[in-house]
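Notes for the one structure printed next.
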Amino acid sequence: MAAAAARCLLLRASPPSEAAKATASVGASSSATSLPVRAAASPSSARRLRPMRLRCSSPPSGGPAEPGLAVLLEVEGVLADVYRFGYRQAFNVAFQSLGLDCANWTEPIYADLVRKSSGDEERMLVLFFDRIGWPTSLPTSEKGSFTKSVLREKLKALEKLSASDDLPLRPGVEKFIDDALSEGVPVAILATYGRNGEKISRSIVEKLGPERTSKIKIVGKDEVEKSLYGQLVFGEGVASSLDEQLTKEVQKAAAAEKQRIAEEVASLLKLSVDINTASKSSEKIIATLRAGAEYVGCDVQNCILVAGSQPSVIAAERIGMSCIVVRSSLTARAEFHSAKAVMDGFGDTDLTVSKLLSKRWS
C-alpha cells in the first residue's frame, strides 16, 4: 500500500435512578394498566423489573426548575463541531501516514466534498481521487480496499485528536450545562450512536471536566442495554409474555413483506433499497433517547433533545420528544422541519436555558 500510495497524478454512567426501582413486582394484579412483564427465570439472577417514573425527579431543594423538564444533548455537532475541527484534520493526518503528500483537504475542499457526497466518507474519498487522480500504481480493483485503509487511518487519527486540545468544545456549551444544572434541570449526554463510535464521544465528554460530568448522566451502550427499555428491546433479563412474542412475530412478518414489495418496486426503478437497515439505525437512536429519558427520571414528552443530525430529529419526532437543532459546519444549510427550533449555537442570541424554560424557541 505504501508503494501504491507513493505518487499521485496531480498535485459508564451510573445505573438507572431509584425511580426505576419503585413499586409493584411485574405480573401485577389484573387491575394494573401497565404492560405485563415478567422477570426472567434465570438461575443466576432473579431480578424484578419495576415501572419507571414518568415525570422528572424533583430539583434540588430551592431549585427553581420548571417541573417535568430535562435536557438530552448529543455529542457530535452539539458538544463539539467534530466536522470542522476533527474529521478534516484526521483525514489529512491519514493521508500523510499513507504517504499521500499530494492529498490535503482545506476547509473549502472538505465542505464541497461533504455537500456532494451527503457526508458519506467513502464517497468523499472516491470523488476526491477521481478529481486529482488515484495513486498511479494502484490497480482499479483495489480502490475499495484503498479507501477503507484511509478510513481506518482517519479513525485512528480522530481518536487521538478527540482527546487533545485541538478539538475544542463549542463556545457556550459549558455555560449552558451549568445554567441547566443550577436551575435544577436534569442533563444527560448521549454518547451511544456517534458516527465514529463511543470511545471518541466519551473523549469529547471528558473535556467538560470531572466536576461537571459528575452532575450529569452519560448514556452509552452499556447504559442503554441496562435501562428498562433496553432490557425490553434487547431481551436481557426479561421473558416476554405470549402476547409480546406474538406481536414481535407479526412485526417481523410485516417488515419482511414491506421489504419484498419495496425490492420489487426498486427492481422496476433500477434502484436498491433496504428498509431494515434504516430501521435498525433509527431504532438504535430511539433506544438511546428512551434510555436517556429513563436515566434523568422523565417521560420522553418531558425531555428536550438538543440534536445535531437529521436522523436524531426524525427519531425524536417518532417518540414524541421535543427537539431543538444546533447547527454545525456539516448542517449549516440543512433544513429540519420537525424541530421546534434551529439555532446556530449556544448563548444569548442562540440557545439558552432561559429560552427552554419559557419555551421561547426564537
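The values are calculated or read from the model by the stated rules, or taken from the named source; none is laboratory data. It should be emphasised that the depicted structure is a prediction, and the values quoted were computed from it without experimental measurement. Here the Cβ is made from the backbone with ideal geometry for all residues, glycine too, and neighbour counts use every protein chain on show. Surface areas here come from the heavy atoms of the whole protein model, side chains and all, with no ligands, DNA or RNA. Shrake-Rupley method; radii C 1.70, N 1.55, O 1.52, S 1.80 Å.
For Arg170, what residues show an amide H to amide H distance below 5 Å, using hydrogens built from the backbone and excluding near sequence neighbours?
Ala80, Asp81
Could you derive backbone 3J(HN,Hα) for the stretch 191-196 from the dihedral phi with the Karplus parameters 6.51, -1.76 and 1.60 (θ = phi - 60°), listing whole Hz in sequence and x where the residue is Gly or Pro?
Residue by residue, the stretch 191-196 yields 9, 7, 10, x, 4, 10 Hz.
Report the gain in length on full extension from Cys102 to Ala332: 0.36 nm times residue separation, minus Cα-Cα distance, nm rounded to one decimal. Intermediate results must be reported in sequence, preceding the final value.
On the way: separation 230, 0.36 × 230 = 82.80 nm, distance 2.85 nm.
So the chain would gain 79.9 nm between Cys102 and Ala332.
Name the long-range amide H neighbours of Met343: under 5 Å, sequence gap of 5 or more, or other chain; modelled H, no Pro or chain starts.
Those qualifying (amide H under 5 Å, at least 5 residues apart or on another chain) are Val325, Val326, Arg327.
According to a simple spin-label model (label point 7 Å from Cα along Cα-to-Cβ), what is the distance in nm between Arg152 and Leu127?
2.6 nm
Determine the sum of side-chain charges near Val313: Lys and Arg each +1, Asp and Glu each -1, restricted to other residues whose C-beta is under 13 angstrom from that of Val313. Don't jump to the answer; show the numbers that get you there.
Working: positive: Arg318, Arg327, Lys340; negative: Glu74, Glu317, Glu335.
Value of the local net charge: 0.
Using a cut-off of 12 Å between beta-carbons, work out the net charge of the residues near Leu155 (Lys and Arg +1, Asp and Glu -1, Leu155 not included). Please list the in-between numbers first.
Numbers: positive: Lys148, Arg152, Lys154, Lys156, Lys160, Arg195, Lys199; negative: Glu121, Glu153, Glu159.
That works out to +4.
Hand me the tally of lysine pairs in the stretch 56-208: alpha carbons under 18 angstrom apart, and the pair either on different chains or 8 or more positions apart.
Working: Lys143/Lys154; Lys148/Lys156; Lys154/Lys199; Lys156/Lys199; Lys160/Lys199; Lys160/Lys207; Lys175/Lys207; Lys199/Lys207.
Lysine pairs meeting both conditions in the stretch 56-208 amount to 8.
In nm, give the distance between the simple-model label positions of Arg212 and Asp344, each being 7 Å from the Cα along the Cα-to-Cβ direction.
Label-label distance for Arg212 and Asp344, simple model: 2.2 nm.
Compute the length gained on full extension between Arg318 and Ser358: take 0.36 nm times their separation in residues and subtract their Cα-Cα distance, giving the result in nm to one decimal. Working shown, then result.
Working: separation 40, 0.36 × 40 = 14.40 nm, distance 2.40 nm.
Between Arg318 and Ser358, full extension yields an extra 12.0 nm.
Where does each of Glu283, Glu107 land when they are ordered by accessible area, with a 1.4 Å probe and the largest first? It would help to have the intermediate numbers written out before the result.
On the way: Glu283 70, Glu107 95 Å².
Solvent-accessible surface, decreasing: Glu107, Glu283.
Which order do the peptides 148-157, 188-197 take when ranked by the mean count of other beta-carbon atoms within 10 Å per residue, highest first? Provide the component values of the computation, followed by the final result.
On the way: 148-157: 17.8, 188-197: 22.8.
The packing order, highest mean first, is 188-197, 148-157.
Can you pull the one-decimal nm distance between simple spin-label points at Ile109 and Lys175, each 7 Å off the Cα toward Cβ?
3.7 nm
Label point 7 Å out from Lys160 along Cα-to-Cβ: which residues of the stretch 88-116 have amide N under 14 Å?
89-99
In sequence order, what are the phi-derived ³J(HN,Hα) couplings for the stretch 83-89 according to the Karplus relation 6.51 cos²θ - 1.76 cosθ + 1.60 with θ = phi - 60°, rounded to whole Hz, with x for glycine and proline?
With the stated coefficients, the stretch 83-89 comes to 6, 8, 9, x, 4, 4, 5 Hz.
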